[in-house]
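Asks: Pasting in a structure now, in structure tokens, and then I'll have a few things to ask.
The values are calculated or read from the model by the stated rules, or taken from the named source; none is laboratory data. In this text, all values refer to a predicted model and were calculated from it rather than measured experimentally. Cβ sites come from the backbone with ideal geometry, for glycine too, and all protein chains shown count toward neighbours. Note: areas computed on protein heavy atoms with side chains; ligands, DNA, RNA excluded. Shrake-Rupley method; radii C 1.70, N 1.55, O 1.52, S 1.80 Å.
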Amino acid sequence: MKKTLALIFILLIFSQLQAQKRYEATWESIDSRPVPTWFEDAKFGIFIHWGLFSVPGWGPTAKDGVGIYDRYAEWYWKGLTDEKRASHAAFQKFHNATYGKDFKYQDFSKDFKCELFDPSDWANVFENAGAKYVVLTSKHHEGFTLWPSKESWNWNAVDLNPHRDLAGDLITAVRGKGLRMGYYYSLYEWFNPVYKANVNSYVDNHMIPQMKDLVTRYKPDVLWTDGEWDYPSETWKSTEFLSWLYNESVSKNDIVVNDRWGKETRGKHGGIYTTEYDLVHDANSTGMEMSRPWEECRGIGSSFGVSRHEMLDDYSTSEQLVHILVDKVARGGNLLLNIGPNADGTIPVIMQQRLRDMGTWLKVNGDAIYGTRKWAKSPKVGKDTKLFFTTKGKDLYVITTKWEDFPIVVEGVNTQNIKLLGFNGMVKSTLKGGKLTITPPTLSPATNPCSYAWVYKIEGAL
Ligand code: GLC
């Protein structure tokens with residue numbers, strides 16, 4: 001009892017000190033802020049790329065022979081105009097044939113009607129997916145904002161179609177479900193004349209005021225920046241902004257940011273580290289064992305913005321997605337899985353279906369995912385790994401992504417208190433000198449708790 005009281009006292013003092021800590025506008029100081037623990041506990045989030053690019057909703061696909069980054073449909077405007085991009089010819093061909101060569105990108109705004117957008121439907125989809133947070137593009141590289149930003153006068157979703165605060169309506173619905181929510185925000189804007197003429201003026205009069213407005217208006221839990229690669233963080237005044245965010249802003253306690261704050265910062269500075277379709281930036285990492293909390297983002301298909309050009313085979317299967325989640329979590333990361341809604345405000349049913357399958361799996365096995373940490377003694381995870389480990393408190397979770405009838409051996413464990421999540425029967429095992437051998441039970445279609453991956457929970461193993 002005395003010990004507990006002392007511990008509570010120490011924790012209280014510690015949290016007071018943390019609360020009072022002021023962050024200076026230097027990377028050393030900014031990097032010293034711990035990532036709020038809610039993030040590492042959440043594990044699974046939904047990324048949403050939505051904007052004017054959703055109107056043409058098109059990008060080249062694998063069969064056009066371009067690499068992954070050239071398939072992004074949200075790059076439509078750039079692909080159309082930048083002759084240096086590998087996807088340029090494909091975008092131009094599609095655009096000219098479909099809309100005519102005189103049709104301007106800006107005119108897509110007429111068809112960004114979002115007439116079927118029901119934020120509570122979306123929130124239900126996310127909740128049923130088992131996601132714990134949501135990140136929406138408040139502004140992608142096209143510069144069009146999904147909130148009434150006065151800096152983006154006449155280039156936002158309230159001044160133009162759909163005449164609605166999409167960012168605000170969604171955050172209200174998502175929070176209503178008890179999920180966290182934040183925003184993606186592109187630092188640069190491809191075609192903003194102020195950005196092109198005078199980056200300093202753009203940063204001072206457009207970018208920083210926009211980010212402050214976004215934070216102050218909606219109190220987001222995540223600010224997910226991107227489009228940082230043109231300039232070093234000094235030009236973007238990133239550390240000044242972050243010191244405001246951490247010291248002054250309404251989101252200062254819970255906000256999570258990423259590492260995209262200047263051309264030199266990925267995998268080095270900021271909050272969480274980000275990977276994208278497994279592209280790794282952590283200089284200290286080998287095979288995604290990051291030195292900070294991190295998050296992999298990717299689409300269900302090979303684009304972030306919806307691509308109507310994608311066929312079924314361009315989409316990951318539910319099994320692949322569950323395996324990706326398990327792989328990231330066992331390595332200590334999060335998965336931010338992207339959906340690209342349509343311009344009419346609906347979520348493509350194939351994406352809904354994938355998310356539902358993940359939710360069904362998580363309902364049975366979420367105990368092995370949420371709130372867990374990677375196991376320090378885990379054998380190295382590689383491309384062919386089929387046995388993954390996570391931990392929570394004293395419990396160890398053994399996740400197998402392929403059902404095997406033969407015994408599973410776990411080293412470094414001294415208890416036999418095992419169950420198969422979602423299964424009521426006994427699980428047989430033997431224990432010899434820290435080596436636990438689990439005999440998988442015989443399952444029938446009626447007793448099989450789930451598809452894609454199965455979890456043995458070993459209570460008190462650690
Ligand atoms: C990128 C892209 C992009 C996408 C993203 C997500 O760097 O430019 O379109 O929004 O990052 O990670």
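Asks: Calculate log10 I(q)/I(0) of segment 375-458 for q = 0.12, 0.25 Å⁻¹, where I(q) comes from the Debye formula with a single equal point scatterer on each Cα and nothing for solvent.
Replies: Summing over Cα pairs of segment 375-458 leads to -0.33, -1.47.
Asks: For the chain, what is Rg from Cα atoms divided by 2.2 N^0.38 Å, rounded to two decimals?
Replies: Relative to the rule-of-thumb radius for its length, the chain sits at 1.03.
Asks: Let me ask you something else. So what's the net charge close to Trp75: Lys and Arg +1, Asp and Glu -1, counting the other residues with Cβ under 11 Å from its Cβ?
Replies: Net charge around Trp75: -1.
Asks: Take the alpha carbon gyration tensor of segment 268-371, find the square roots of its eigenvalues, order them as a ≥ b ≥ c, and report rounded if a/c is under 1.5; if not, report prolate when a/b exceeds b/c, else oblate.
Replies: Values: a/c = 2.19, a/b = 1.43, b/c = 1.54.
Note, shape of segment 268-371 comes out oblate.
Asks: Further question: How do the peptides 192-203, 132-143 rank, highest first, by the average count of neighbouring beta carbon atoms within 10 Å per residue?
Replies: Going by the mean number of other Cβ atoms within 10 Å, highest first, we get 132-143, 192-203.
Asks: Any chance you could check the Cα centroid distance between segment 227-249 and segment 299-348 for me, in angstrom?
Replies: 29 Å
Asks: Suppose all protein chains stay in the model; what accessible area per residue would a 1.4 Å probe give for segment 375-458, in Å²?
Replies: Ligands and nucleic acids excluded, the figure is 55 Å² per residue.
Asks: Quick one: of Lys328/Lys380; Lys377/Lys432; Lys237/Lys328; Lys21/Lys268; Lys377/Lys457, which pairs are farther than 20 Å apart, Cα to Cα?
Replies: Those over the limit are Lys237/Lys328; Lys21/Lys268.
Asks: Where in segment 136-165 does the amide nitrogen come within less than 18 Å of the point 7 Å from the Cα of Asn205, taken along Cα to Cβ?
Replies: Zone members listed by number: 149-155.
Asks: Using the Cα centre of the chain as origin and beta-carbon charges of +1 (Lys, Arg) and -1 (Asp, Glu), tell me which of Asn258, Cys450, His141 is placed farthest towards the positive end of the dipole.
Replies: Highest projection toward the positive end goes to Cys450.
Asks: Restricting to Cα pairs below 8 Å that are 6+ residues apart, what does the relative contact order work out to for the chain? Please round to a whole percent.
Replies: 17 percent
Asks: Roughly how many percent of the accessible protein surface of segment 375-458 is carbon and sulfur, given a 1.4 Å probe and a whole-percent answer?
Replies: Taking all protein chains in place, segment 375-458 shows 53 percent carbon and sulfur surface.
Asks: To continue, here is another question. Just to be sure I understand: of the beta bridges DSSP finds with both ends in the chain, what percent are antiparallel, rounded to 5?
Replies: Given both bridge residues lie in the chain, the antiparallel proportion sits at roughly 45 percent.
Asks: For segment 375-458, what is the relative contact order in percent, using Cα pairs closer than 8 Å and at least 6 residues apart in sequence?
Replies: Values: 143 pairs, mean separation 27.8, N = 84.
Relative contact order, segment 375-458: 33 percent.
Asks: By how many nm would the segment from Asn247 to Glu28 grow when fully extended, if each residue of separation counts as 0.36 nm and the alpha-carbon distance is taken off?
Replies: Working: separation 219, 0.36 × 219 = 78.84 nm, distance 1.52 nm.
That pair, Asn247 and Glu28, stretches by 77.3 nm at full extension.
Asks: Using only DSSP helix segments of four residues or longer, with each worth -39500 (n - 2.57), what per-residue ellipticity at 222 nm results for the chain after dividing by its residue count and rounding to 500?
Replies: About -8000 deg cm²/dmol.
Asks: With every protein chain kept in the model, how would you rank Trp294, Trp229, Trp155 by accessible area, 1.4 Å probe, largest at the top?
Replies: In descending accessible area the options line up as Trp229, Trp155, Trp294.
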